[in-house]
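Notes follow the structure.
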Number of protein chains: 2
Amino acid sequence: MSDISSYRCTVAVTLEVIGGKWKSLILWHLSFKTLRFSQLQRRLSTVTQKMLTQQLRELEANGLVHREVYAEVPPRVEYSLTELGRSVVPILEMMCQWGKDYLETSEGQAPQECRVG
Amino acid sequence: MSDISSYRCTVAVTLEVIGGKWKSLILWHLSFKTLRFSQLQRRLSTVTQKMLTQQLRELEANGLVHREVYAEVPPRVEYSLTELGRSVVPILEMMCQWGKDYLETSEGQAPQECRVG
DNA sequence: CATAATGGTTACTTTTTAGATACTACAGTA
DNA sequence: TACTGTAGTATCTAAAAAGTAACCATTATG
């Protein structure tokens, strides 16, 4: 049963780290380029400020995202992926591909590209 | 921006399908062998009957799990992975490996094996 | 002097999720 | 006759998550 218990731990850990409501989407956007808080907020359109802050704080606490504060007025805060953060991108790409296949086969939707460009 | 919107759809879809509280663990157990409801319940020790039923119904609705009811008394119901269900196992294994690496590097825990045996 | 912009925090409320408990059908067994 | 086992469902409650709105500091601009 060691396979079971270690599974439980490690997949649960991964889901805790990237499974949050906005986390994978944040990581995805940051995988393209460093972004400011307001830029992220615009890209996630329906996210509330509170949720974006919260999710970013958790990603930062887990070491996936780096937060750089510039001493300016008005303040500027930039978010970027750490090396650890970049290491989850292949998982996101795999999930993206699976989701795409799933939609195609089970719902007959038009094919979609993962990470175009 | 088509990369972004298609990302949102497909990774979100994948997370909806396998991101539930017990789903990935259920899939993991079923990847070894077909199990009855009560067998799954014992393996997931702390799951409530309601949650197990609910998660299984959703997995079934998404086509990952097959539910076979035998007309016996007392009733016997067996759950197994469909082909689609088996196709998510590599993602689970990847998440398992990432979680393992994450625990090792960020928390200095003892190494754990993914899917021993 | 009032307003805008940035990147938040805090308090309060609503919504969602999960837990606990009781109940069901049916046949076999004591 | 009462009890057991299976695989649930239904209902009510508690806890967690998320939304809403107001507030903060600072400086530049009008």
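Among the residues of the stretch B:61-94, those identified as within 14 Å of chain A (Cβ to nearest Cβ) and loosely packed, with under 15 Cβ neighbours inside 10 Å are B:Ala61, B:Glu83, B:Arg86, B:Pro90. Just one of the listed residues (B:Ser31, B:Ser24, B:Ser38) is hydroxyl-bearing (Ser, Thr, Tyr) and either under 30 Å from A:Glu83 (Cα atoms) or not in a helix (DSSP H, G or I) (or both), namely B:Ser24.
Only one of the numbered conditions (1) part of a helix (DSSP H, G or I); (2) within 13 Å of DNA strand D (Cβ to nearest atom); (3) touching a helix residue (DSSP H, G or I) at 6+ places or on another chain (Cβ under 8 Å) is not met by A:Gln54, and that is (3). On the stretch given as the stretch A:21-58, residues that are surrounded by 16 or more Cβ atoms within 10 Å (Cβ to Cβ) and among the hydroxyl-bearing types (Ser, Thr, Tyr) total 2.
Coordinate-derived values only; no laboratory data. All of these numbers come straight from a predicted model, not from anything done at the bench. Positions of Cβ are backbone-derived with ideal geometry, glycine not excepted, and every protein chain shown enters the neighbour counts.
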